[in-house]
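J.: Pasting a structure below so you can have a look.
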Amino acid sequence: MGELGKFERKLPEDRRKTLIDATLACLARDGTAGLSIRKISKEAGISIGLINHHYAGKDELVGAAYEAFSLGHLDATRARIAQAGGNSRAKLNAYVRGLLSAPMLEQGTLRVWVVFWSIIENSAPMMDVHDRTYAEYRSLLGELLADAGESISAPAVNTHLAAIGLTAMLDGLWLEWCINPTTFSPDDAIGLCENWIDALFAGLMPRLLVNNDLN
């Protein structure tokens, strides 16, 4: 049956998902060493020839995996928000907790993100994926901030800048915890972000207020 006989035959969409899952597994386990078509082929049980049939090259496959990985975490966060009920602040808190809980707080997740970040600068497709997925996260957070602030008649804030600021805080806390989880607990990180939000809605961040002379 030749080389293809060694591999399971699957429908194209199933095969693409298998390849993306295998790429993420290799990156989580091996880091940059996982960026090998041969390793991905072995992990997926799909021939190198078939990988090349579905993707123009390694960069395209890794870009697809990056998008699936990022949006997969966003979908999980949306699910947490949906379970939070109708309270706007509870939904906002669910977003924060979603980004500071498992599976985000896992070493394998960190390894995958680090590999992706290391190649974004020199890869236009990866930069495009980053810009689109980051915009989705930021847009969702901006909506949650606006709704939560409106529900308590807080001073109007620039939700675009506020979302950027809170995202940077979340990213920094997540990265520091993954590097050294003994520095602080996930609950500490969540508490810091919630205090930041409290200060924002109390009007204690004048540069983020709408129609403020400092803007």
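J.: Are any of the residues in segment 172-191 of a type in the set (S, T, N, Q), part of a helix (DSSP H, G or I) and surrounded by fewer than 12 Cβ atoms within 10 Å (Cβ to Cβ)?
T.: no
J.: Moving to a separate point now. Report yes if E43 is of a type in the set (D, E), closer than 21 Å to V114 by Cα and touching a residue at least 40 places away in the same chain (Cβ under 8 Å), otherwise no.
T.: no
J.: I've got another one for you. Take I164 and decide whether it is assigned to a helix (DSSP H, G or I), of a type in the set (V, I, T) and either at pLDDT below 95 or within 13 Å of the chain's Cα centre (by Cα) (or both).
T.: no
J.: Mind counting the residues in segment 15-57 that are under 22 Å from T109 (Cβ atoms) and either of a type in the set (A, V, I, L, M, F, W, C) or in the same structural domain as E106 (by TED's automatic domain parsing) (or both)?
T.: Number of matching residues: 12.
J.: Within the set of pairs 6+ apart or on separate chains, which have a first residue in segment 126-146 that is closer than 25 Å to D59 by Cα, a second that is outside any helix (DSSP H, G or I), and C-beta atoms under 8 Å apart?
T.: M127/E121
J.: Given the condition more than 12 Å from the chain's Cα centre (by Cα) and either of a type in the set (D, E) or on the phi > 0 side of the Ramachandran plot (or both), answer yes or no: does some residue in segment 63-77 qualify?
T.: no
J.: Quick one: what pairs do we get from segment 173-195, first residue more than 12 Å from L105 (Cβ to Cβ), second in a helix (DSSP H, G or I) and acidic (D, E), C-beta under 8 Å, 6+ apart or different chains?
T.: Listed by first residue and then by second, the contacts come to T183/E176.
J.: Outside any helix (DSSP H, G or I), assigned by TED's automatic domain parsing to the domain that holds L200 and in contact (Cβ under 8 Å) with a residue 40 or more places away in the chain - does that describe any residue in segment 62-78?
T.: No, segment 62-78 contains no residue that is outside any helix (DSSP H, G or I), assigned by TED's automatic domain parsing to the domain that holds L200 and in contact (Cβ under 8 Å) with a residue 40 or more places away in the chain.
J.: Restricting attention to segment 188-205, report how many residues are farther than 19 Å from L170 by Cα and either of a type in the set (D, E, K, R) or not assigned by TED's automatic domain parsing to the domain that holds T167 (or both).
T.: Total satisfying the criteria: 0.
J.: Six or more apart or on different chains, Cβ under 8 Å: which pairs go from a residue in segment 94-105 that's assigned by TED's automatic domain parsing to the domain that holds M169 and aromatic (F, W, Y) to one that's outside any loop (DSSP other than H, G, I, E, B) and surrounded by fewer than 20 Cβ atoms within 10 Å (Cβ to Cβ)? Could you list them?
T.: Partner pairs satisfying both residue conditions: Y95/R80; Y95/I81; Y95/L140.
J.: Another question, if that's okay. I need a count of the residues in segment 69-98 that are crowded, with 20+ Cβ neighbours inside 10 Å and of a type in the set (A, V, I, L, M, F, W, C).
T.: Total meeting the criteria: 4.
The values are calculated or read from the model by the stated rules, or taken from the named source; none is laboratory data. The structure presented is a predicted model; accordingly, all values stated were derived computationally and were not measured. Quick reminder, even Gly has a Cβ in these numbers, built from the backbone with ideal geometry, and neighbours come from all protein chains shown.
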